[in-house]
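Please read the structure below before turning to the comments.
The values are calculated or read from the model by the stated rules, or taken from the named source; none is laboratory data. Note that the structure is a prediction, hence the values are computed from the model and not measured. In this analysis, Cβ positions are derived from the backbone assuming ideal geometry, glycine residues included, and neighbour counts consider all displayed protein chains. In case anyone asks, the SASA skips ligands and DNA or RNA and just uses the protein heavy atoms, side chains included. Shrake-Rupley method; radii C 1.70, N 1.55, O 1.52, S 1.80 Å.
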Amino acid sequence: MKVLVTGGAGYIGSVCVEELLGTGHEVVVWDNLSEGHRSAVHPRAAFLQGDLADRDLLFRAALEHRPEAVIHFAGKALVPESMRDPSTYYRVNVSGGINLLDAMVQSGCRKIIFSSTCATYGIPEKVPMDESTPQKPINPYGHSKLVFEQILAWYAQIHGIIPTCLRYFNASGASAERGEHHRVETHLIPNVLLTALGQRPQVDIFGDKHATPDGTCIRDYIHVRDLASAHILALQRDKPGAFNVGTGNGHSVQQVVEAAKKVTQKNIPVRMQPARAGDPPALVAAANKLQRELGWKPVHSSLEEILTSAWCWHQTHPRGYSD
Ligand code: UFG
């Protein structure tokens with residue numbers, strides 16, 4: 001298939017492009033490089049630098065390239081930032097997404113795979129949580145993604161768009177060539193590994209009084225390559241749907257730090273900090289639907305393989321991407 005990948009220069013998008021090309025698809029990447037890196041884009045993918053706010057450019061690109069499917073990664077994705085600056089989250093994740101949908105309608109492209117998130121659920125009553133968990137986000141990031149899921153449902157009904165919403169849990173790990181490099185790093189695993197590399201004095205642990213066994217937050221860490229494979233499978237779908245993408249196993253912040261000490265064989269000092277605003281205590285997926293309906297299976301997502309692959313990437317890319 002010819003696939004337009006928005007955000008294909010970003011962390012998850014660039015690994016997915018690698019997998020798409022490896023499974024014989026043709027890829028056009030659309031990215032404004034605000035978070036992404038030009039050198040993360042696979043050399044066999046076509047690259048267009050553009051912003052989703054640029055409606056005219058987006059329409060021209062869709063008409064020129066005529067993709068058969070869109071995988072929509074581009075967006076703002078940080079919980080704490082969204083608690084300070086909701087406006088950007090709604091402009092990029094909602095308005096930008098509407099421009100993309102309109103360009104799809106105009107160019108006759110119907111399939112879209114959308115990067116949604118478990119943050120659309122808010123604080124679940126029970127974990128693991130399946131797709132029927134009520135969606136009650138507790139931060140603007142999760143809300144912006146939920147609003148776009150709802151917009152997709154209307155475009156499905158009115159314009160015949162076929163959306164697959166993949167609700168990611170915590171993407172982590174690296175492929176051999178592509179890993180996690182944000183210009184301002186806020187994510188747990190890269191912060192832990194950059195501390196092991198000596199680039200940071202310690203890891204801040206945000207909250208040790210959460211309602212979890214050791215008091216630190218629990219997340220379901222999913223290897224970015226397993227996440228990418230869910231997108232490849234979703235390309236085959238021809239009806240709307242929403243799926244959790246996680247492993248069903250949760251790890252606390254403390255457990256991640258301890259596992260990272262073993263993998264890196266380094267001392268990783270920690271410092272307790274107050275809880276971050278908008279952070280749910282525990283998010284763990286029940287992802288049986290994805291396994292049942294698409295035959296997906298996580299094969300790289302043990303915490304050890306996640307940390308080992310990310311550690312390998314950070315060691316070989318100590319400053320991340322060069323741009
Ligand atoms: N944390 C720390 N110290 C850090 C960084 C994070 O203690 O230096 C904690 C956070 O408080 C949280 C957990 O580690 O409890 C994971 O935090 P991340 O920032 O790595 O990830 P989030 O769970 O906040 O968010 C990520 C993505 C979202 C996605 C979400 C799904 O950024 O886009 O996972 O849970 F929606």
Quiz item: Once you put a point 7 Å from the Cα of GLN236 and another 7 Å from the Cα of GLU305, both along the Cβ direction, what distance in nm separates them?
Solution: 2.0
Quiz item: Separation between the GLN49 and GLN150 pseudo-spin-labels, each 7 Å from Cα along Cα→Cβ, expressed in nm?
Solution: 3.7
Quiz item: Which aspartates and glutamates have a Cα lying under 12 Å from the Cα of LYS76, excluding residues fewer than 8 positions away in the same chain?
Solution: GLU35, ASP85
Quiz item: What residue among ARG178, ARG60, ARG271 shows peak mean-square fluctuation when the chain is described by a Gaussian network model with Cα springs under 10 Å?
Solution: ARG271
Quiz item: To the nearest 500 deg cm²/dmol, what mean residue ellipticity at 222 nm is calculated for the chain from DSSP H runs of n ≥ 4 alone, each contributing -39,500 (n - 2.57), summed and divided by the residues?
Solution: -11000 deg cm²/dmol
Quiz prompt | the chain: angle of helix 97-107 to the longest principal axis, Cα-based, in degrees nearest 10 | solution = 30
Self-check item: Distant-in-sequence amide H partners of ALA282 (H built 1.01 Å from N, under 5 Å)
Solution: ILE218
Quiz item: For region 189-323, rounded, prolate or oblate, judged on the Cα gyration tensor with a ≥ b ≥ c (square roots of eigenvalues), a/c < 1.5 rounded, else prolate if a/b > b/c?
Solution: oblate
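For ASP130, ASP238, ASP102, give the ranking by accessible area with the largest first, probe 1.4 Å. The partial results should precede the final answer.
Numbers: ASP130 55, ASP238 115, ASP102 35 Å².
Of ASP130, ASP238, ASP102, the descending order of accessible area is ASP238, ASP130, ASP102.
So what is the relative contact order for region 74-156, in percent, with contacts set as C-alpha pairs under 8 Å and at least six apart? Provide the component values of the computation, followed by the final result.
Values: 80 pairs, mean separation 31.1, N = 83.
That works out to 37 percent.
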Quiz item: If you plug each phi of region 262-273 into the Karplus form 6.51 cos²θ - 1.76 cosθ + 1.60 with θ = phi - 60°, what whole-Hz ³J(HN,Hα) values come out, in order, with x for Gly and Pro?
Solution: 5, 5, 8, 6, 10, 6, 10, x, 10, 9, 6, 10
Quiz item: Projected onto the charge dipole of the chain (+1 at Lys/Arg Cβ, -1 at Asp/Glu Cβ, origin at the Cα centre), which of SER301, GLY248, HIS182 gives the Cα projection farthest towards the positive end?
Solution: GLY248
Exercise. Pop a pseudo-label 7 angstrom from the Cα along the beta-carbon direction at both LYS266 and LYS297 and give the gap in nm to one decimal.
Key: 3.4
Practice problem: Leaving out ligands and nucleic acids, note down the accessible area per residue over the chain with a 1.4 angstrom probe, in whole Å². | Solution: 42
Quiz item: Can you list residues whose amide H is under 5 Å from GLY10's amide H, if they're 5+ apart or on another chain and H is modeled 1.01 Å from N?
Solution: HIS37
Quiz item: Taking the Cα atoms only, what angle lies between the long axis of helix 303-316 and the longest principal axis of the chain, rounded to 10 degrees?
Solution: 80
Quiz item: At a Förster distance of 30 Å, what's the computed FRET efficiency of ALA275 paired with ARG183, Cβ-Cβ distance as r, to 0.05?
Solution: 0.75
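Using r as the Cβ-Cβ distance of ARG91 and THR23, and R0 as 35 Å, what FRET efficiency do you calculate, to the nearest 0.05?
On the way: r = 34 Å, r/R0 = 0.96.
So, using R0 = 35 Å, E works out to roughly 0.55.
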Quiz item: Sequence-distant or interchain residues sharing an amide H contact under 5 Å with VAL5, placed H: which?
Solution: VAL28, VAL29, TRP30, ILE71
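So, with a 1.4 angstrom probe, what is the percent of accessible area on the chain that is carbon and sulfur? Walk me through the numbers on the way to the answer.
Numbers: 7030 of 13660 Å².
That fraction is 51 percent.
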Practice problem: For helix 55-65, report the angle its Cα long axis makes with the longest principal axis of the Cα atoms of the chain; keep it between 0 and 90° and round to the nearest 10°. | Solution: 70
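Only bridges whose two residues both fall in the chain count here: according to DSSP, what percent of them are antiparallel, nearest 5?
Details: 2 of 41 bridges.
Counting only bridges with both partners in the chain, antiparallel ones make up about 5 percent.
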Exercise. Using a cut-off of 13 Å between beta-carbons, work out the net charge of the residues near ALA196 (Lys and Arg +1, Asp and Glu -1, ALA196 not included).
Key: +3
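From the square roots a ≥ b ≥ c of the eigenvalues of the alpha-carbon gyration tensor of the chain, which class results: rounded (a/c under 1.5), prolate (a/b over b/c), or oblate? Don't skip to the answer; put the middle values down first.
Details: a/c = 1.68, a/b = 1.39, b/c = 1.20.
Judged from the Cα gyration tensor, the chain comes out prolate (a/c at least 1.5, a/b above b/c).
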Quiz item: Within straight cross-link reach of LYS126, meaning Cα distance under 17 Å, which aspartates and glutamates are found once same-chain residues fewer than 8 apart are removed?
Solution: ASP220, ASP279
Quiz item: Residue-wise, which Karplus ³J(HN,Hα) couplings in Hz belong to region 148-158, taking 6.51 cos²θ - 1.76 cosθ + 1.60, θ = phi - 60°, and x for glycine or proline?
Solution: 5, 4, 5, 4, 4, 4, 5, 5, 5, 5, 8
Quiz item: Can you tell which of ALA176, ALA282, ALA40 shows the greatest fluctuation in a Gaussian network model of the chain with Cα springs below 10 Å?
Solution: ALA176
Quiz item: Let a ≥ b ≥ c be the square roots of the eigenvalues of the Cα gyration tensor of region 1-150; is it rounded (a/c under 1.5), or, if not, prolate (a/b larger than b/c) or oblate?
Solution: prolate
Quiz item: Gaussian network model of the chain, Cα springs within a sub-10 Å range: biggest mean-square fluctuation belongs to which of TRP296, TRP154, TRP313?
Solution: TRP154
